[in-house]
Every structure is written in structure tokens, then in C-alpha cells.
1. Any residue in the range 104-125 that is at negative phi sitting within a Cβ distance under 6 Å of a residue that is assigned to a helix (DSSP H, G or I) and open to solvent by 80 Å² or more (accessible area, probe 1.4 Å)? List the pairs, counting only those 6 or more apart or interchain.
2. For the range 87-107, which residues satisfy the criterion of being of a type outside the set (S, T, N, Q) and open to solvent by 50 Å² or more (accessible area, probe 1.4 Å)?
3. Give the residues of the range 6-38 that are free of Cβ contacts under 8 Å to residues at least 40 places away in the same chain and surrounded by 12 or more Cβ atoms within 10 Å (Cβ to Cβ), sorted by residue number.
4. Return only the number of the condition from (1) open to solvent by 90 Å² or more (accessible area, probe 1.4 Å); (2) under 30 Å from ILE101 (Cβ atoms) that SER84 does not satisfy.
5. Which one is nearest to HIS19 (Cα to Cα), of the residues in the range 118-139 that are modelled with pLDDT of 95 or more and open to solvent by 80 Å² or more (accessible area, probe 1.4 Å)?
6. Let me spell it out: the conditions are (1) modelled with pLDDT of 95 or more; (2) open to solvent by 60 Å² or more (accessible area, probe 1.4 Å); (3) of a type in the set (A, V, I, L, M, F, W, C), and LEU74 meets all of them except one. Which number is the exception?
7. Mind listing just one residue for me: the one in the range 55-80 that is in a helix (DSSP H, G or I) and out of contact with any helix residue (DSSP H, G or I) (no Cβ under 8 Å at 6 or more places or on another chain) and, of those, farthest from TYR111 (Cα to Cα)?
8. Checking the conditions here, which among LYS54, LYS67, LYS48 is under 30 Å from GLN130 (Cβ atoms) and open to solvent by less than 40 Å² (accessible area, probe 1.4 Å)?
Amino acid sequence: MKTENIQIFDHDTNVDVTHKINTMELDNWISHLKYIKKELSNLINICKNELKDKLDDKSVVDRFEKKEIENETLLNALNTYSKSRLNIIECEDTQCDMIYITEHESYRRSYLYHLDKYRRLKDEFFNKVQGKFTFLKVN
């Protein structure tokens, strides 16, 4: 299911609504992790190029590179999970639905944990580099 095609109808059951909302949420997570992937690539390039001589702490680059790998791992897991959710329509009982809902909660915790750690790393980086940029004056 793609988010733009999802509609919630009056006749949908609570479980159907939950599955639809979870699918929209999952699509949002995947989109966000793709953005973080680009952002990490830019941050690593800034550290290795523009801040190469000004950044006295190589561990920052190492931590960004590690986070890049973690981000890719989670992104791949969410993409695989997204494909597996196509089988939700085959659920015929509450137990089957609950398996998907429980799995989604587990991925939600993983995503939020990853996001929190990434934000902390990025905040730490910006605190370290504050004042290390030289801006060109435009006349």
C-alpha cells in the first residue's frame, strides 16, 4: 500500500484503520530515513573536506559513518517489512492482525530510538563546529 492511495472509510473496522494508519506511518519513516541518508552523506563530506583542517576530532566522522551504516540497515529492514505488509489483507483472525500490529510497534521503537540517537549526534556535531566556519562577505 502506498500512502497516497490510502483512504479511511466509515465502514472500516478499527483494525483496518490501524493497519492503514500504520502503513502511512511506515511510508513516512522510510521517507525520513532516505532524507537522513542524504543528510549524513553531506555531513560526512563536510567533515572530510570543508572542516578537514578545522575539525580536531576524527571520531565525529567515524560516528557519522557508523550512523550511516545503521541508517541503511534500518532503512533496508523497513523496506522489507513494508513488502511483508502486503499480506495483511490475507489475515482472517485477530491473532494474525495482532502479529502485524505488534511487529509495527517493534519497528516504531527501533525507528524512534535511531532518530533520537541521530539527533543527539547531529547536535553534538553542531556544538563542536560552532564558530569554525568562515563565511565569505558578499558585496
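1. LEU121/ARG63
2. Initially, the range 87-107 is screened for residues of a type outside the set (S, T, N, Q), giving 88-93, 96-101, 103-105, 107.
Listed by number, the residues that qualify are ILE89, GLU90, GLU92, ASP93, MET98, ILE99, GLU103, GLU105, TYR107.
3. Of all residues in the range 6-38, those free of Cβ contacts under 8 Å to residues at least 40 places away in the same chain come to 6-14, 16-17, 20-21, 24, 28, 31, 35, 37-38.
Listed by number, the residues that qualify are ILE6, ASP12, ASP16, VAL17, LYS20, ILE21, MET24, ASN28, LYS37.
4. Condition (1) is where SER84 drops out.
5. ARG119
6. Single failed check for LEU74: (2).
7. We begin by selecting, within the range 55-80, every residue in a helix (DSSP H, G or I); these are 59-80.
Next cut, out of contact with any helix residue (DSSP H, G or I) (no Cβ under 8 Å at 6 or more places or on another chain) only: 59, 62, 66, 69, 73, 76, 80.
Values: SER59: 24, ASP62: 21, LYS66: 16, ILE69: 14, THR73: 11, ASN76: 12, THR80: 14 Å.
The selected residue is SER59.
8. Details: LYS54 fails: open to solvent by less than 40 Å² (accessible area, probe 1.4 Å); LYS48 fails: open to solvent by less than 40 Å² (accessible area, probe 1.4 Å).
Just one listed residue meets the conditions, LYS67.
The values are calculated or read from the model by the stated rules, or taken from the named source; none is laboratory data. What you are looking at is a predicted structure, and each value in this text was computed from that prediction instead of being measured. A quick note on method: Cβ atoms are made from the backbone with ideal geometry, for glycine too, and the neighbour counts reach across all protein chains shown. In case anyone asks, the SASA skips ligands and DNA or RNA and just uses the protein heavy atoms, side chains included. Shrake-Rupley method; radii C 1.70, N 1.55, O 1.52, S 1.80 Å.
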